[in-house]
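The values are calculated or read from the model by the stated rules, or taken from the named source; none is laboratory data. What you see is a predicted model; the values in this text were computed from it and never measured. Here Cβ is always computed from backbone atoms with ideal geometry, including for glycine, and neighbour counts include all displayed protein chains.
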Amino acid sequence: MATWKELLKYVRHEYQVIREDEDEIRILFEFEDERSQVMVIQREVLDEKYEWVQIASPCGVVANLDLKAVLEEIGNTTICCGAAIMGEHLVVRHSLPLENLDLNEFEDPLVLLAGTADRLEEMFTGGDEY
């Protein structure tokens, strides 16, 4: 899987797509405990020539979160993600180069990120909105 089109084909086959644009696809990642997490998979281009894929998922609205506590939790418990503010939301995200990308190099971070985002959302908002 080394192109954006190949990645899209895989994602469409494996997950429930809830929205799709030219450079972005959103899926609903469902857990066995009936919780779910919205995952945003986006094509990025670095230096106008290198294709990357960014996986992101919202954890909550920034104005309603104790950012220090959330960032400490991320720092103490996560392996695969960083935090960012995108619009009004705090998201966890991870980026990968598309060139020579193997399935497990996409799937493993996707699963880890979904679990992290869902756990943070539940821990800091008490809900399952995303």
Exercise for review: With the checklist (1) at pLDDT 95 or above; (2) assigned to a loop (DSSP other than H, G, I, E, B) in hand, flag the one item Ile25 doesn't pass.
Suggested key: (2)
Practice item. Just name the residue that is farthest from Asp118 (Cα to Cα) out of those in the range 18-42 that are in contact with a Leu (Cβ under 8 Å, 6 or more places away or on another chain) and surrounded by 15 or more Cβ atoms within 10 Å (Cβ to Cβ). Key: Ile25
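Among the listed residues Glu107, Glu129, Glu121, Glu73, identify the single one that is surrounded by 15 or more Cβ atoms within 10 Å (Cβ to Cβ) and under 16 Å from Phe29 (Cβ atoms). Before the answer, list the steps.
Numbers: Glu107 fails: surrounded by 15 or more Cβ atoms within 10 Å (Cβ to Cβ); Glu129 fails: surrounded by 15 or more Cβ atoms within 10 Å (Cβ to Cβ); Glu73 fails: under 16 Å from Phe29 (Cβ atoms).
None of the other options fit; the residue is Glu121.
For the range 83-106, indicate whether the set of residues that are part of a strand (DSSP E or B) and touching a His at 6+ places or on another chain (Cβ under 9 Å) is non-empty.
From the range 83-106, those part of a strand (DSSP E or B) are 83-86, 89-97; that's our starting set.
In the following step, the residues that additionally are touching a His at 6+ places or on another chain (Cβ under 9 Å) were identified as none.
Among the residues of the range 83-106, not one is part of a strand (DSSP E or B) and touching a His at 6+ places or on another chain (Cβ under 9 Å), which makes the answer no.
One residue is enough: does the range 90-102 have a residue meeting the conditions more than 11 Å from the chain's Cα centre (by Cα), among the polar types (S, T, N, Q) and closer than 26 Å to Tyr10 by Cα?
The first filter runs over the range 90-102 and keeps only residues more than 11 Å from the chain's Cα centre (by Cα), leaving 90, 96-102.
In the following step, the residues that additionally are among the polar types (S, T, N, Q) were identified as 100.
From what's left, closer than 26 Å to Tyr10 by Cα: 100.
Checked against the condition, which is being more than 11 Å from the chain's Cα centre (by Cα), among the polar types (S, T, N, Q) and closer than 26 Å to Tyr10 by Cα, the range 90-102 yields at least one hit.
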Review point. If you check every pair at least six apart or on different chains, which have Cβ atoms under 6 Å apart with a residue in the range 50-71 that is touching a residue at least 40 places away in the same chain (Cβ under 8 Å) first and a residue that is among the polar types (S, T, N, Q) second?
Key: Trp52/Ser95; Gln54/Gln42; Gln54/Ser95; Ser57/Gln37; Gly60/Thr125
